[in-house]
Amino acid sequence: MRDGKFGFGLIGASTISRERMVGAMNGSGVALPVAVFSRDLARGRTFAAEMGIPKAYDRLDEMLADPEVDGVYVASTNERHHREVLACAAAGRHVLCDKPLAMSLAEAEDMVRACEAAGVVFATNHHMRCGAHHIAMREIVRSGRLGDLVVIRVVHGALLPAHLQTWRINDPATGAGAIMDLAVHDADIVRFLTGDEIVEISAMSKNSGMGTDKIEDTALAIFRTAGGTLGHIHNVFNTPFNRGSIEIHGTKGSLYARDNMGQSPEGTVHLRDAEGLHEIPLEHEDLYVRMVRSVVAAARGEGEAACTGQDGLRSLAVALAMLESAASGRAVPVPASQVSSQPGGSV
Ligand code: NDP
């Protein structure tokens, strides 16, 4: 720890670190970004200087040996996550890894096991779990006010900003496409809200004009959970006025979240039931700050991270099944994991 604060080393001079995570660490009150690893030392040094990070490394083993690095935030392109998380675990460093955890379930299971064996925290940056709207919705579902859940709908679309129209839409080797990028969040939020597992999924996808036509920028899926709820996921990179929403409909009530699928702490939740339409009061807080605090607390032995590695493994399983279904035109069962987890989460 550094001045009592948890020191994060960052893997990758990435946009998400620049736009969200460095600020979240600094704003958390419990953590600091202390170093960045970049494959390109000049880029790493520029990033460090611009973001107020004291050190830049171009060798990961050197950053992992730095005694000020208590844990690592992995924010590289997706195909790097597996080997970088294994290196963090081998060095005994706690890990917050961005999504999707890996390119395959075997890789993700490997990462979960390596962190377990090393006795380090392994968290997944599914920040949506940390939104006040989603925490409030989960409480309402748990309270029984919706009755039995019947259907759920997650709309997750926007315009992929111009500065992010790079590997996500052009480079299949990175785990590109709207499904790996967005559906993992949706699968995770469905698990979080319902406490239920998606067990079967059927998808269609297309390219609607962004990037190479070999990579989907648009995808829809319907799914079934273990508990019998049916659902719908909608992912798209190419719709500038789409702000996202979730609907959960039960036998006694319906929940509507609007403008809730972004990165900022905003959006509304309404409950409609036999008594009418109720706006749910929300106290919004930066979602990434909440995530960082939960990871630091877990590293200090105070509970679990808001989203664990096992949770990231489950969301990846759904996204991979969705990809397979879109490619084959058939419904695909979501394989059970060798590594267990509870869907409800600890936020
Ligand atoms: P970026 O494209 O910004 O960065 C990815 C990596 O590319 C960096 O780590 C960096 O690695 C390298 N890089 C950066 N700039 C350049 C450049 N000019 N030329 C060549 N390489 C460069 O990715 P994102 O920040 O958008 O995404 C990183 C990860 O975070 C992904 O896994 C993504 O899915 C996830 N993500 C999660 C979000 C969330 O809300 N949870 C939101 C956005 C992204 P290096 O410095 O080592 O070369």
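The values are calculated or read from the model by the stated rules, or taken from the named source; none is laboratory data. Predicted, not measured: the structure shown is a model, and the values here were computed from it. No Cβ is skipped: glycine too gets one built from the backbone with ideal geometry, and neighbour counts run over all protein chains shown.
Between residues in segment 29-52 that are over 19 Å from Gly4 (Cβ atoms) and residues that are more than 10 Å from the ligand (Cβ to nearest atom) and among the hydrophobic types (A, V, I, L, M, F, W, C), which pairs lie under 7 Å by C-beta distance while being six or more apart or on different chains?
Close Cβ pairs (under 7 Å, with a partner that is more than 10 Å from the ligand (Cβ to nearest atom) and among the hydrophobic types (A, V, I, L, M, F, W, C)) amount to Val36/Ala48; Val36/Ile53; Phe37/Met63; Met51/Val22.
Based on what the data block shows, is Ser245 modelled with pLDDT of 95 or more, more than 16 Å from the ligand (Cβ to nearest atom) and exposed (fewer than 13 other Cβ atoms within 10 Å of the Cβ)?
no
Look at segment 79-98 and say how many of its residues are in contact with a Ser or Thr (Cβ under 7 Å, 6 or more places away or on another chain) and surrounded by fewer than 23 Cβ atoms within 10 Å (Cβ to Cβ).
Total meeting the criteria: 2.
Is it fair to say Leu146 is assigned by TED's automatic domain parsing to the domain that holds Ser254, buried (at least 19 other Cβ atoms within 10 Å of the Cβ) and part of a loop (DSSP other than H, G, I, E, B)?
yes
Residue by residue, here is whether (1) surrounded by fewer than 20 Cβ atoms within 10 Å (Cβ to Cβ); (2) in the same structural domain as Ile215 (by TED's automatic domain parsing) holds:
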{"residue": "Lys252", "(1), (2)": "yes, yes"}
{"residue": "Asn260", "(1), (2)": "no, yes"}
{"residue": "Gly301", "(1), (2)": "yes, no"}
{"residue": "Arg314", "(1), (2)": "no, yes"}
{"residue": "Ala321", "(1), (2)": "no, yes"}
{"residue": "Ala327", "(1), (2)": "yes, yes"}
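How many residues does segment 133-177 hold that are hydrophobic (A, V, I, L, M, F, W, C) and free of Cβ contacts under 8 Å to residues at least 12 places away in the same chain?
Total satisfying the criteria: 1.
Which condition number in (1) without any contact (Cβ under 8 Å) to a residue 40 or more places away in the chain; (2) more than 11 Å from the ligand (Cβ to nearest atom); (3) under 19 Å from the mean Cα position of the chain (by Cα) is the one that His81 fails?
Against the list (1) without any contact (Cβ under 8 Å) to a residue 40 or more places away in the chain; (2) more than 11 Å from the ligand (Cβ to nearest atom); (3) under 19 Å from the mean Cα position of the chain (by Cα), His81 comes up short only on (2).
For the structure I just gave you, tell me whether Tyr57 is among the hydroxyl-bearing types (Ser, Thr, Tyr), more than 9 Å from the ligand (Cβ to nearest atom), in contact with a Cys (Cβ under 9 Å, 6 or more places away or on another chain) and modelled with pLDDT of 95 or more.
no
So that you can scan it fast, the table gives a plain yes or no per residue for (1) within 26 Å of Thr166 (Cα to Cα); (2) acidic (Asp, Glu); (3) within 14 Å of the ligand (Cβ to nearest atom); (4) in contact with a Pro (Cβ under 8 Å, 6 or more places away or on another chain):
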position	(1), (2), (3), (4)
Gly4	no, no, no, no
Ala13	yes, no, yes, no
Ala35	yes, no, yes, yes
Ile53	yes, no, yes, yes
Gly71	no, no, no, no
Val85	yes, no, yes, no
Ala90	no, no, no, no
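Taking Asp66, is it farther than 26 Å from Leu287 by Cβ, outside the structural domain of Asp188 (by TED's automatic domain parsing), of a type outside the set (A, V, I, L, M, F, W, C) and within 11 Å of the ligand (Cβ to nearest atom)? Talk me through it step by step, then tell me what you get.
Working: farther than 26 Å from Leu287 by Cβ: yes; outside the structural domain of Asp188 (by TED's automatic domain parsing): yes; of a type outside the set (A, V, I, L, M, F, W, C): yes; within 11 Å of the ligand (Cβ to nearest atom): no.
Against the criterion (farther than 26 Å from Leu287 by Cβ, outside the structural domain of Asp188 (by TED's automatic domain parsing), of a type outside the set (A, V, I, L, M, F, W, C) and within 11 Å of the ligand (Cβ to nearest atom)), Asp66 does not qualify.
Filter segment 125-183 down to the residues that are away from the ligand (no atom under 12 Å from the Cβ), within 30 Å of His82 (Cβ to Cβ) and touching a Ser or Thr at 6+ places or on another chain (Cβ under 6 Å) and list them by number.
Within segment 125-183, Gly157 is the sole residue that qualifies.
Under 7 Å between Cβ atoms, which residue pairs at least 6 apart in sequence (or on different chains) link something in segment 100-117 that is more than 16 Å from Glu324 (Cβ to Cβ) and of a type in the set (Val, Ile, Thr) with a partner that is outside any helix (DSSP H, G or I) and at pLDDT below 95?
Short answer, once both residue conditions are applied: Val112/Val339.
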